[in-house]
Amino acid sequence: MTWTPQDDPDRSPEVPAGKTRDALRAAHLYYMQDLTMDAIAAELHTSRSSVSRLLSHARASGLVEISIHSPLDLPSRLEQEILARHEIAAHVVPVPDQASDVDRLDRVALSAARILGRFIDSNQLVGVAWGSTMSAVSRHLVPKSTHNSEIVQLNGAGNLRTTGILYASELLRRFGDAFGAKVQQFPVPAFFDDPATKEAFWRERSTKRLLELQGRLDVALFGVGSPFAEVASRVYQGGYLEREDYAALSADGVVGDVATVFYRADGSSEGIPLNERATGPDFGVLRRAPRRICVVSGRAKLPSLRGAIAAGLITDLITDEGTARALVEHA
């Protein structure tokens, strides 16, 4: 077990600096010097219960990050197997097989939110695709101060029922607030009615600016949409697709989407008519990002996950133990 103190007393501006300094000092004494909570209480001239609260605050606010490295447990073996077979750095979250898909998603999202601080830093462009999984991750983010970083929306969110602005902006705001980053929204529909309209819109200078940012991402963060999952992917249950769209996707052998760009089991996305109207980044653009983090939970998303791997979209995977095991067994 290792821990890392994030020695930045200004990382959480909403918390009084004095509490942050006390929490950081308590963490150093407890984790680095092996002092008991009674000894720390005496040194800080406070109570044992106050020390316990300071240590809890240090963990919750990201001052302390705890990770467990064991070569003996199954998640570690699965991570090694996924790296060997798919050249993907995996983080496998232990979740009981009997857990519901809702609980499984929440536990994976919580772990993902705590891991992201390792990947997101200053002077970075971070692309985020909206969806049920990213929404869950955004609710658990641990604050980390960065500078000159930007959160870039990867795909439009509007449909016939809503502009999607409130939903997407709230999700992106959580990322921006957590990392002290500027947010770049992409206020376009998820799908245009006519490919020609998209082509015309893509020629606009204001749109080109966002597309240029998407082409220079340092990190891309996304889930995989799936028509098979118990926790329905937002694109499949949020009013984005018509009945004829489902029929066309089925005829094209589509198994999922990333940022509302659809693909088949072999990872191909060419020749799928709906993609000509979609506002998500072309996979060639997405693959330019050096780090592409995919968060997936539930075995029902296995076909979608395999397709995304075949498309070469993933460098880092955060998933639950059951899904990781199924991925390895299928391979």
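The values are calculated or read from the model by the stated rules, or taken from the named source; none is laboratory data. For clarity, every value in this text was computed on a predicted model and none was experimentally measured. Backbone-built Cβ (ideal geometry, glycine too); neighbour counts: all protein chains shown.
Data for the structure
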read-out	value
Hits in segment 113-135 - residues which are out of contact with any Lys or Arg (no Cβ under 8 Å at 6 or more places or on another chain) and buried (at least 22 other Cβ atoms within 10 Å of the Cβ)	LEU116, VAL126, GLY127, VAL128, ALA129, THR133, MET134
Condition check for ASP218: surrounded by 15 or more Cβ atoms within 10 Å (Cβ to Cβ), closer than 30 Å to PHE119 by Cβ and touching a residue at least 60 places away in the same chain (Cβ under 8 Å)	yes
Residue match in segment 58-67 (condition: over 19 Å from the mean Cα position of the chain (by Cα), polar (S, T, N, Q) and either surrounded by fewer than 20 Cβ atoms within 10 Å (Cβ to Cβ) or closer than 30 Å to THR207 by Cα (or both))	no
Residue in segment 106-114 that is modelled with pLDDT under 85 and closer than 28 Å to ASP320 by Cα present	no
Segment 265-285: number of residues that are outside any helix (DSSP H, G or I) and not basic (Lys, Arg)	13
Residue satisfying all of: in segment 20-35; of a type in the set (A, V, I, L, M) and part of a helix (DSSP H, G or I); modelled with the lowest pLDDT among these	MET32
Criterion: in the same structural domain as ASP282 (by TED's automatic domain parsing) and crowded, with 20+ Cβ neighbours inside 10 Å - qualifying residue of LEU154, LEU110, LEU166	LEU154
Filter result for SER138 (buried (at least 17 other Cβ atoms within 10 Å of the Cβ) and within 10 Å of the chain's Cα centre (by Cα))	yes
Some residue of segment 293-316 being touching an Asp or Glu at 6+ places or on another chain (Cβ under 8 Å), assigned to a loop (DSSP other than H, G, I, E, B) and either in the same structural domain as GLY156 (by TED's automatic domain parsing) or over 30 Å from LYS208 (Cα atoms) (or both)	yes
Condition broken by ARG59, with the remaining ones in (1) under 23 Å from HIS140 (Cβ atoms); (2) among the charged types (D, E, K, R); (3) modelled with pLDDT of 90 or more satisfied	(3)
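Condition check ((1) on the phi < 0 side of the Ramachandran plot; (2) of a type in the set (Gly, Ala, Ser); (3) modelled with pLDDT of 95 or more) across all residues:
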site	(1), (2), (3)
PHE228	yes, no, no
VAL235	yes, no, no
GLU244	yes, no, no
SER268	yes, yes, yes
LEU286	yes, no, yes
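Let's see how each residue does on (1) of a type in the set (S, T, N, Q); (2) surrounded by fewer than 11 Cβ atoms within 10 Å (Cβ to Cβ); (3) modelled with pLDDT under 90; (4) closer than 28 Å to LEU327 by Cα:
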residue: PRO5; (1), (2), (3), (4): no, no, yes, no
residue: PRO9; (1), (2), (3), (4): no, no, yes, no
residue: GLY18; (1), (2), (3), (4): no, yes, yes, no
residue: MET37; (1), (2), (3), (4): no, no, yes, no
residue: PRO71; (1), (2), (3), (4): no, yes, yes, yes
residue: GLN80; (1), (2), (3), (4): yes, no, no, yes
